[in-house]
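Here's the structure we're looking at; comments come further down.
The values are calculated or read from the model by the stated rules, or taken from the named source; none is laboratory data. Predicted model only: the values in this text are computed from it and were never measured. For neighbour counting, all protein chains shown are included, and Cβ atoms are generated from backbone atoms with ideal geometry for every residue, glycine included.
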Amino acid sequence: MPKEKLTAQFVQLAYCPEGKKKVDYYDTVITGFVLEVRESGGKTYYLRFVTPERKQRQLRIGAAHDISLVQARKKAQRLRSEVVLGGDPAAEKQEKLAVPTFGELAADHLKFAASYQKSFSSTETNMRLHILTKWGRYKLTDIKQKDVAVWLAEKSAGPLKAGTVEKIRVTMHRTYELGKRWGIPGCDVNPVKGIPRPQLNNAREVYLTSQQAKELLIACEMSKNVQLKPICGLLILTGARSGELLSAKIEHIDRDRKLWLIPTSKTGKHRYVPLSAAALAIIDNLPKFDNCPWLIANPKTKNRFITIKHSWQKARRIAGLTNLRIHDLRHSHASFLAAAGVSLLEIGKLLGHADYKSTMRYSHLADDQLLNASEAGANRLQVDW
């Protein structure tokens, strides 16, 4: 283990003795600073040290033909200072190397999301088309909040809807949060966290009138899809989500108690939907098929409907309601309830809202009832104002 005060001249002239594959020259100034000289003529600077756990470590500083001795010495001194202060620069380097790319963590996120998300296709699409194309090859620690904020702002200024940009933000944020939960290196700092969320105004004021509801059902009756009319009728009468109805099974209907069990709703919990006499009449007239568990089955396949998109679009066009979405039937159910004097609290329970704020979008529909209540209170006073 030869020791030498490493100088530029010494480094230039140093050689590996004949018969050896390499020789290490230890610097007499900085403890652990080493020049390795190989029989091939290659020369490399290292720092060797012992960790607080008494483990020997070696850090490569650089090849002598790539960096000068002055540069190597400065780096060796900095690393040595870390060691003296109780650090382990070799471990820190390994940690940095262990940090995966965002794309690698995203793959784990998607695999996990597929196991429980009902809207997994939306998550996968946003991840694949938007997030991975920008950040997939970046190390997790190389993605900075400022860069993400600028990127999201550019997305918002583009053709994407505000709701879509928010889903992209949430998906990226969730990826880092899952990585942190799983102990993945590089997830301690979430660059998405702290970026202000935009105020979204996705509430659409589209509600059917009684006449429009009749015209829609007439158009549905003209459809080649014989199940379209009962589907739309039940959506209007129950306020259920289309996905909940299309996945309903016969066993979920309690005819005696006049209840429909939805095992897993959007909130993740089961709920019961009361069935009116009109809704039960539709259910009683639904065609039944042998060995078919679905409440509303496709007569051709004897299986559940995956989508009614095409027949729905044609029916609404015939009814002159081209801006009507299938989900607006749920809003219309709420509007009919409000017009009948049902309280917002009761409407929220009937729709299965987990948050009262979701029901407040229908508050203006109850204005007539509030006005009548105000008039009744004023009349009761019987005061000559």
request  = Name the one entry in His252, His310 that is in the same structural domain as Leu350 (by TED's automatic domain parsing), touching a residue at least 40 places away in the same chain (Cβ under 8 Å) and not β-branched (Val, Ile, Thr).
outcome  = His252
request  = Test Pro191 against the stated conditions and say whether it is outside any helix (DSSP H, G or I), modelled with pLDDT of 95 or more and either on the phi < 0 side of the Ramachandran plot or not acidic (Asp, Glu) (or both).
outcome  = yes
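Do the conditions hold for Ile131, that is, is it of a type in the set (A, V, I, L, M, F, W, C) and over 15 Å from Lys193 (Cα atoms)? Walk me through how you get there before you give the answer.
Details: of a type in the set (A, V, I, L, M, F, W, C): yes; over 15 Å from Lys193 (Cα atoms): yes.
Yes.
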task = Report, by residue number, each residue of region 154-170 that is more than 16 Å from Trp135 (Cβ to Cβ) and charged (D, E, K, R).
result = Lys161, Glu166
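Which ones in region 143-175 are within 28 Å of Gln94 (Cα to Cα) and either of a type in the set (Val, Ile, Thr) or touching a residue at least 60 places away in the same chain (Cβ under 8 Å) (or both)?
Going through region 143-175, the residues within 28 Å of Gln94 (Cα to Cα) turn out to be 143-148, 172-175.
Listed by number, the residues that qualify are Ile143, Val148, Arg174, Thr175.
Somewhere in region 266-282, is a residue among the small types (Gly, Ala, Ser) and part of a loop (DSSP other than H, G, I, E, B)? If you could, list the steps in order and put the result at the bottom.
Restricting attention to region 266-282, the residues satisfying the condition of being among the small types (Gly, Ala, Ser) are 268, 276-279, 281.
With part of a loop (DSSP other than H, G, I, E, B) added as a condition, the list becomes 268, 276.
Scanning region 266-282 turns up at least one residue that is among the small types (Gly, Ala, Ser) and part of a loop (DSSP other than H, G, I, E, B).
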request  = Could you please tell me which pairs satisfy a Cβ distance under 7 Å, a separation of 6+ or placement on different chains, a first residue in region 260-277 that is within 13 Å of Lys118 (Cα to Cα), and a second residue that is surrounded by 12 or more Cβ atoms within 10 Å (Cβ to Cβ) and modelled with pLDDT of 80 or more?
outcome  = Thr264/His270; Ser265/Glu244; Ser265/Arg271; Lys266/Arg241
message = Looking only at residues that are outside any loop (DSSP other than H, G, I, E, B) and charged (D, E, K, R) in region 330-361, which one is modelled with the highest pLDDT?
response = Arg330
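Considering Gly86, Gly62, which residue is under 44 Å from the mean Cα position of the chain (by Cα), in a loop (DSSP other than H, G, I, E, B) and either touching a residue at least 12 places away in the same chain (Cβ under 8 Å) or surrounded by fewer than 17 Cβ atoms within 10 Å (Cβ to Cβ) (or both)?
Working: Gly62 fails: in a loop (DSSP other than H, G, I, E, B).
Gly86 is the lone residue from the list that is under 44 Å from the mean Cα position of the chain (by Cα), in a loop (DSSP other than H, G, I, E, B) and either touching a residue at least 12 places away in the same chain (Cβ under 8 Å) or surrounded by fewer than 17 Cβ atoms within 10 Å (Cβ to Cβ) (or both).
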